[in-house]
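Structure record follows, encoded as structure tokens.
The values are calculated or read from the model by the stated rules, or taken from the named source; none is laboratory data. Just so we're clear, the structure is a prediction, and the values are computed from it rather than from any experiment. Here the Cβ is made from the backbone with ideal geometry for all residues, glycine too, and neighbour counts use every protein chain on show. Accessible surface is based on the protein model in full, side chains and every heavy atom, while ligands, DNA and RNA are left aside. Shrake-Rupley method; radii C 1.70, N 1.55, O 1.52, S 1.80 Å.
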Amino acid sequence: MAISKKMEDAINAQINAEFYSAYLYLAMSCQAADMKLKGLANWFNIQYQEEVAHAMGFLNYLNERGGRVLLTTIDAPPTQWDSPVAMFENTCEHEAKVTAMINDLAALAFEQKDFAASQFLNWYVKEQVEEEATADEILGELRLAADNPSATLMLDRELGARVFVAPVIG
Ligand code: FEO
């Protein structure tokens, strides 16, 4: 079954949103590097790579379903955050928005009885639960460590241990 125009447009919008997410986290990674917080820079760099993988997952899916991928302008992300806590507040807020977009896509697939798309989107629905939980956990830890330089340094080391594992999407 060919993918509907409405679903094609919605997936194209999601591809743009995932690339924007990548750009947002890359900007955070660069600021963290500038602040000499190497672990934080590493964590956001991996987050950036994950977002590119999310975008590519949608892009490959649309190609596979015979849809037409249309790449559009990616908005510029902010360039400055007041603190690592502010970065993670922004991350939590942003991921909640992404979750709402994924939920809208899942609702559209359901409405259109596009069960192939529903199955595909399930991966993203689950991924968003993880994305929100992880960001929320790190935000909590950073808030606890906020006024304590040695605790912040320890947390930075932990964030530095994150490695990129290419997700298997779908
Ligand atoms: Fe692609 Fe962070 O969701």
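Normalised by the number of residues in the stretch 42-170, what is the relative contact order in percent for Cα pairs under 8 Å and 6+ residues apart?
Working: 70 pairs, mean separation 51.4, N = 129.
Computed value for the stretch 42-170: 40 percent relative contact order.
Just to confirm the number: angle between the C-alpha axis of helix 115-145 and the first principal axis of the chain, 0 to 90 degrees, nearest 10?
Once rounded, the angle reads 10 degrees.
Expressed in nm to one decimal, what extension gain is obtained for the pair Leu71 and Met1 from 0.36 nm per residue of sequence separation less their Cα-Cα distance? Don't skip to the answer; put the middle values down first.
Values: separation 70, 0.36 × 70 = 25.20 nm, distance 2.35 nm.
So the chain would gain 22.8 nm between Leu71 and Met1.
Starting from the stretch 93-170, pick out the chymotrypsin sites (Phe, Trp or Tyr not before Pro) whose DSSP state is loop and whose Cβ has at most 15 other Cβ atoms within 10 Å.
Those that pass, being in a loop and sparsely packed, are Phe164.
On full extension of the chain, what length is gained from Lys38 through Ala133, given 0.36 nm per residue of separation minus the C-alpha to C-alpha distance?
Between Lys38 and Ala133, full extension yields 32.0 nm more.
Considering the zone a paramagnetic label at Glu64 would reach in this model (a point 7 Å from Cα along the Cα-to-Cβ line), which residues of the stretch 2-36 have amide N under 14 Å from it?
Residues 3 qualify, since their backbone N sits under 14 Å from the label point.
Go through the stretch 5-21 residue by residue and turn each phi into a ³J(HN,Hα) via Karplus (6.51, -1.76, 1.60, θ = phi - 60°); whole Hz please, and just put x for glycine and proline.
4, 5, 5, 4, 4, 5, 5, 4, 5, 5, 4, 4, 5, 5, 5, 4, 4
Which angle between 0 and 90 degrees, to the nearest 10, do you get for helix 149-160 versus the longest principal axis of the chain when only C-alpha atoms count?
The answer is roughly 40 degrees.
Rounded to whole Hz and in sequence order, give me ³J(HN,Hα) for the stretch 98-109 from the Karplus expression 6.51 cos²θ - 1.76 cosθ + 1.60, θ = phi - 60°, writing x for Gly and Pro.
Working through the residues one at a time gives 5, 4, 4, 5, 5, 4, 5, 5, 5, 5, 5, 4 Hz.
Counting only protein heavy atoms, what percent of the accessible surface of the chain is carbon or sulfur at a 1.4 Å probe?
Working: 5280 of 9270 Å².
For the chain, the apolar C and S fraction of the accessible surface comes to 57 percent.
So who's got an amide H within less than 5 Å of the one on Met35, skipping anything under 5 residues away but keeping other chains? H placed 1.01 Å off N, in plane.
Residues meeting the criterion, in which the H sits 1.01 Å from N, do not exist here.
Please work out, to two decimal places, the log10 of the ratio I(q)/I(0) at q = 0.11, 0.15, 0.22 Å⁻¹ from a Debye calculation in which every Cα of the stretch 92-170 carries one identical scatterer.
-0.43, -0.67, -1.01
Can you bin every Cα-Cα distance in the stretch 61-115 into 10 Å intervals starting at zero and give me the percent of pairs per bin, rounded to whole numbers?
Percent of Cα pairs in each bin: 18, 32, 30, 17, 4.
Between Ala100 and Asn148, what is the label-to-label distance in nm when each label sits 7 Å out along the Cα-to-Cβ direction?
3.5 nm
Across bins of 5 angstrom width beginning at 0, how are the C-alpha pair distances of the stretch 1-116 distributed, in whole percent?
Taking all Cα pairs of the stretch 1-116, the binned fractions are 2, 12, 20, 21, 16, 11, 9, 6, 3, 1, 0 percent.
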